[in-house]
Structures are given as structure tokens and as C-alpha cells.
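The values are calculated or read from the model by the stated rules, or taken from the named source; none is laboratory data. The shown structure was predicted, so the numbers you read here are calculated from the model rather than taken from an experiment. No Cβ is skipped: glycine too gets one built from the backbone with ideal geometry, and neighbour counts run over all protein chains shown. Heavy atoms of the whole protein, side chains included, go into the accessibility calculation; ligands, DNA and RNA do not. Shrake-Rupley method; radii C 1.70, N 1.55, O 1.52, S 1.80 Å.
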Amino acid sequence: MSKLKLVAIAVPIFLVLGLFTGLSRFGLINFPLSFHHGVLMLNGFAGGVITVERLLSKPKDPWILIGLILLIAGLISYLFGFEFGLLLVAGNIGILFLKEALQLAEKELQNGLYQLIGLLSWFIGNLKFYQNGFYPEAVPFWIVFILMLIVGTRLSKMGKKDVISLILSLAIFFSFWLGFHGYGQTIYGIGIMALSMRLGYLEIKNSSKHLLGLVAAYLWLLLTGASSLFSDYILYSYDLVLHAFFLGFFFSMIFINAPDALLQKLGLNQLKTYPVFCVLFLSLGLIVRLIIGDYLQIQTARNIGGILNFLTIILYAMYLLVQLVRNHLATKGADR
């Protein structure tokens, strides 16, 4: 397990690089690699977390370890200017997809379908970005990648097989084949909004743990869908869609699910994380950044909100690190 933790250290490094490149894109600091902010956050952090989670579930599986090494090597190569690095990342996606497909018969069918749709969307998004380096073409697929994996996870936690959620998810995925503008954009936006309301309803009905944080996360997902639907009429629609989803929804779900999933598999399940507080503090920064900054077009508010979001994630990571060191020292002291 210690070797796995050593390999997995690359994931928080990618997160830190991604956060500082984000501040650089605001013009608040001068940090290299700012163009690669999206790749670092999506492939480095999000993709890394998902790959590490699979590896920790099956630590003796050499193929998943190879996939993680491909992911790390591919991103490092890409950051040094070798675009073929994205093909190495694609190798990791292919391994995860094949593993999921082979295990589909052993798992609950609906959750397996969500995983496959998500991984396929990750692959297509990376392929789009590799072809032209144009983020707006890749981002809708990357959103579906994260969304499908979270939907499958949340439904599994609630012990539900929900046909409505599955239909909405398939509609969102297949909307790309209609072209993102026009009917595709309409189905994509309405589908995400409807899915957020459906999942929120199921969480409330289920009286899920950390319910307030979950409701906040689904509200940001609802805003993602609305901003996608009306993107032609919103000046900063791209920033709205991107960060309502990846910060408001995805990071909120990380705060909520991490104590029960990844941290436990890392042997850190005794750490205190206060997920609802983290979600609400993150949401405060997003309200300043997206609602006041983007909707009202106030750049100062966008900067302040961005800094608040940066501090939320950095302080969360530092808090976990301090607890980890303290627990490690206490354990060593007890063994003497």
C-alpha cells in the first residue's frame, strides 16, 4: 500500500499546479503552464483521483497500475511540449474502459453503464482536444465524464436503480451527435437541469448523509445546465458552465464523498473533513465569482471569488495534511 501512496502523490501535485495556473489565468499571479489549466485539473486531478481509486480497490492489478503510470507520464510529457502525451493518457482510459466492460456482468448493470459512458466521454473529450487544442470542444465531453461517474456512485450509495436518471444520462450523452449548437445544445442543457432535479429529489427522499451539501452541489449542477442552455445570451457563459460544474458540483462531491471512499481506501478514514462546511464555503466564493462576477460582469468580483475558491481547496488539502502528520506522529509515539 505504501508504494501505491508514493505513486499517487502525483495527483495532488497536479492539483496544486492546476490551482496556480487558474490564478494565473485570472492575471493575479505570473505562473507558467497557464494554458494547461484545464488539462491539469481534468486529466491530472480528476482522472488521477479516479484511477487511484480503482487502483486502491484492486491494488494487485498490474494493468491499473500501468494505466496510472501512463497517465502521469503522459501528462508530464504533454506539459513539456510533447502532445503525444495525451495519447498515453488515452492508454490509461482504454485500460479502465476494458476493465469496466469485463466486469459489467459481475456488477450492478446500471452503475456499470454510467461508468462506461463516463470513460468513453473522457476519451472522446481528450481526442477532440488532441486534434485541435480547443477547450470548448472538449469540455462538454469532460463534463459528461465526471457527471456519469458521480451519478453512478450516488445512485449506488442510495441503493437505487433509477430508470429516469439513466434515460436523462443517455440523452445528455447522445445530444453531441446532434451538434452542440441547436437541438444538441437544448437537449444537453435541459438534460443536465432535469438530471440535477431528479437526483436532488432522490437524495432528499433518501435522507442522504450531508444532505445540505448535496443540495448545494445539485444547485450548481442545475446552474451548469441552465448556463449551457442559454449560453448564447450570457457573456461569460463558458466560465459559468465550466466552474459551476467543475468547482460547484465536482469539488462539492469530492468534499462529500472523499471521507467514505478514497480516504478510507488510503487508510485515512479517521480524518475529520467537515464536508458540508467546505461545500458552503466553496459555494460562497462561487456566488461572488459566478453570480456577481459573471452574470453582472464585475471583474473584481470574479477575482475575489476565484481567490476564495482557491483558498477553500488549498486549506482543505492543508487541513488533511496536518491531520495526517499529527496522526502519524501519534502512532509512532504510541509504538515506542
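Over the chain, accessible surface divided per residue gives 47 Å², non-protein components excluded, 1.4 Å probe. Inter-part distance, the stretch 63-124 to the stretch 8-45, computed on C-alpha centroids, equals 21 Å.
Semi-axes of the equivalent ellipsoid of the chain are 28, 24, 22 Å, computed as sqrt(5λ) over the eigenvalues of the C-alpha gyration tensor in descending order. Listed cross-link partners LYS161/LYS209; LYS99/LYS272; LYS128/LYS160 are compared with a 24 Å cut-off, the Cα-Cα value being larger for LYS99/LYS272; LYS128/LYS160.
Taking the inverse of the mean reciprocal distance over all distinct Cα pairs, the Kirkwood hydrodynamic radius of the stretch 150-201 comes to 11.3 Å. Sorted largest first, the principal axis extents computed over the alpha-carbon atoms of the stretch 127-221 equal 44, 23, 20 Å.
Screening the chain for DSSP H helices whose Cα atoms reach 18 Å or more along their own axis and whose mean Kyte hydropathy is at least 0.0 gives 10-26, 62-79, 85-102, 109-132, 135-158, 183-206, 211-229, 299-335.
Taking 15 Å as the cut-off, the amide N atoms of the stretch 164-195 that come nearer than this to a point 7 Å along the Cα-to-beta-carbon line of GLN131 belong to 176-181. Which one of PHE250, PHE173, PHE281 has the biggest mean-square fluctuation once the chain is modelled by GNM with Cα springs under 10 Å? Evaluated over the chain, the most mobile residue of the options is PHE281. Springs between Cα atoms under 10 Å define the GNM used for the chain, and in it the highest mean-square fluctuation of TYR188, TYR233, TYR130 occurs at TYR233.
Taking amide H as placed 1.01 Å from N in the peptide plane, the amide H of TYR274 sits under 5 Å from none that are at least 5 places away or on another chain.
Label point 7 Å out from VAL215 along Cα-to-Cβ: which residues of the stretch 182-197 have amide N under 20 Å? Under 20 Å, as judged by backbone N against the label point of VAL215, lie 193-197 of the stretch 182-197. If you run the Gaussian network model on the chain, springs between alpha carbon atoms under 10 Å, then out of PHE145, PHE20, PHE80 the most flexible one is PHE80. A convex hull fitted around the alpha carbon atoms of the stretch 12-116 yields 97 Å³ per residue.
One quarter of the convex hull surface built on the alpha carbon atoms of the stretch 75-152 amounts to 5.0 nm², the projected area averaged over directions.
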